[in-house]
Amino acid sequence: MMQKTFLFSLLIVNSLTISCKEAGTTQDNGENTENTDGTTYHNPVLAVSTPDPTVIRVSDGSFYLYCTEDIRNLPIYHSADLVHWNYVGTAFTNETRPNFEPKGGLWAPDINYINGKYVLYYSMSVWGGIETCGVGVAVSDSPAGPFTDKGALFRSNTIDVTNSIDPFYFEDGGKKYLFWGSFCGIYGIELSDDGLALKEGAEKVRIAGKLTKTFDSQGTEGTCIFKRGKYYYCFGSTGTCCEGANSTYRVVVGRSENLFGPYLNKNGQSMFDNQYELVLQGNSRFAGPGHHAEILTDDNGTDWLLYHTYLRNDPKKGRVLCMDKLVWKDDFPVVEGLEPSAESEIPVF
């Protein structure tokens, strides 16, 4: 999530002190009550602020969602179908929350299941702390938590990547990798086998964005890597994420036959030069859709994108959760019409 536009969420975070034990399941999830006929759903699927979502399907077939802490200590939601969501609690308490960045907020988590453990990567930063922010990791035996913090993997000033936030985990060829970055280049690096540390001797590699130490407004953040057929797809979000109804956030993508790129658009132009294809943008109802979760594939083989966005007529709700199917045209993904839908068929799980 973009550093310079986080103030609104930070104010909300500082005003809430809900712990995972205190939260229970009575939190109003703001769900759209029109989602009732069993065959279709209406966006948003969760009408409370859930910025920068990450989602995992667990062994019983249900789903857990985690997001930037507009509820302090990093909220967790649960769903059986990606449409109807219940608030579970938080990943941390005031006593157990990460602290490698004093007074920092917990942003843009990424949930995974690695070697029998739920592994939660997270960003931590203070307002404007682009050289001291970083990525940490926590573990749990349950997707509902509680999570035990294992500390920072790196910070901007230790790994020499400005604005080191927005982690994304990816496995390929038996190896584990972490990708990250926000408007100062997107980078990847190999992890240890347990995913809890950088692999000894591993070197970071820039896979997208310009080589810069300063904010690049045409760059991307919120990276997601997805493999389909012979191609790897590098998704990202560009524009302004957090300016309410005036947000210009949108989802873009490039593809490559190699995990570490180069990622190209349809014309063969590189994401190193901020050239990409548009996947999703706002419309008259929704503003600034982006920073989507892992792409989920249902039992019919349909791919689904869960992302945050503002309601133009009620931006004070924050960045609510929407969902749309991805369609593939000439081996590039796109949301139909390039905009959030009002209604769609429910995923098949």
Checklist entry - Which residue, of ASN94, ASN99, ASN86, is modelled with pLDDT of 95 or more, surrounded by fewer than 21 Cβ atoms within 10 Å (Cβ to Cβ) and outside any loop (DSSP other than H, G, I, E, B)? => result ASN86
Checklist outcome for this item: Taking the stretch 292-314 and the residues there that are of a type in the set (S, T, N, Q) and in contact (Cβ under 8 Å) with a residue 24 or more places away in the chain, the one that is least open to solvent (accessible area, probe 1.4 Å) would be THR309
Checklist outcome for this item: Note on the stretch 247-262: residues open to solvent by less than 20 Å² (accessible area, probe 1.4 Å) and part of a loop (DSSP other than H, G, I, E, B) are SER247, TYR249, LEU259, GLY261
Next on the checklist: Going by what's in this entry, would SER284 be described as in contact (Cβ under 8 Å) with a residue 12 or more places away in the chain, assigned to a strand (DSSP E or B) and not acidic (Asp, Glu)?
Outcome noted: no
Next on the checklist: Need pairs with beta-carbon distance below 8 Å; first residue at negative phi and within the stretch 194-208, second assigned to a strand (DSSP E or B) and among the small types (Gly, Ala, Ser); sequence gap 6+ or separate chains.
Outcome noted: LYS204/GLY188; VAL205/GLY188; ILE207/GLY188; ALA208/GLY236; ALA208/GLY254
Checklist entry - If a residue has to be at pLDDT 95 or above, under 23 Å from THR297 (Cα atoms), among the β-branched types (Val, Ile, Thr) and out of contact with any strand residue (DSSP E or B) (no Cβ under 6 Å at 6 or more places or on another chain) to count, how many in the stretch 21-59 make the cut? => result 1
Checklist entry - Taking interchain pairs and intrachain pairs at least six residues apart, which have beta carbon atoms under 6 angstrom, with the first residue in the stretch 146-172 and farther than 23 Å from LEU296 by Cα and in contact (Cβ under 8 Å) with a residue 12 or more places away in the chain and the second of a type in the set (D, E, K, R) and open to solvent by 30 Å² or more (accessible area, probe 1.4 Å)? => result SER156/GLU131; ASN157/GLU131; THR162/LYS213
Next on the checklist: Looking at the structure I just gave you, is ILE207 modelled with pLDDT of 95 or more and closer than 25 Å to GLY151 by Cβ?
Outcome noted: no
Checklist entry - If we keep just the residues of the stretch 315-349 that are open to solvent by 40 Å² or more (accessible area, probe 1.4 Å) and of a type in the set (Lys, Arg), which is nearest to ALA47 (Cα to Cα)? => result LYS317
Item to check | Within the stretch 114-224, strands (runs of 3 or more DSSP E) holding 3 or more residues that are open to solvent by 40 Å² or more (accessible area, probe 1.4 Å) and more than 28 Å from LEU305 (Cα to Cα) | outcome: 148-155
Checklist entry - Can you tell me which residues in the stretch 102-113 are farther than 11 Å from LEU74 by Cβ and part of a strand (DSSP E or B)? => result ASP110, ASN112, TYR113
Next on the checklist: Checking the structure you have, find out if any residue of the stretch 266-278 is in a loop (DSSP other than H, G, I, E, B) and in contact with a His (Cβ under 9 Å, 6 or more places away or on another chain).
Outcome noted: no
Checklist entry - Using beta carbons and a limit of 7 Å, which pairs, at least six apart or on different chains, have the first residue in the stretch 261-279 and in contact (Cβ under 8 Å) with a residue 12 or more places away in the chain and under 16 Å from GLY219 (Cβ atoms) and the second one open to solvent by 50 Å² or more (accessible area, probe 1.4 Å) and assigned to a loop (DSSP other than H, G, I, E, B)? => result ASN265/GLN275; SER270/PRO262; PHE272/LYS210; PHE272/PRO262; ASN274/LYS210; ASN274/GLN218; GLN275/GLN269; GLU277/LYS266
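Search the stretch 150-181 for residues being among the polar types (S, T, N, Q) and touching an Asp or Glu at 6+ places or on another chain (Cβ under 6 Å), and hand back the single one that is nearest to LEU120 (Cα to Cα).
SER156
The values are calculated or read from the model by the stated rules, or taken from the named source; none is laboratory data. Just so it is clear, the model here is predicted, and its values are computed rather than measured. Cβ atoms come from the backbone with ideal geometry, glycine included; neighbour counts cover every protein chain shown. Heavy atoms of the whole protein, side chains included, go into the accessibility calculation; ligands, DNA and RNA do not. Shrake-Rupley method; radii C 1.70, N 1.55, O 1.52, S 1.80 Å.
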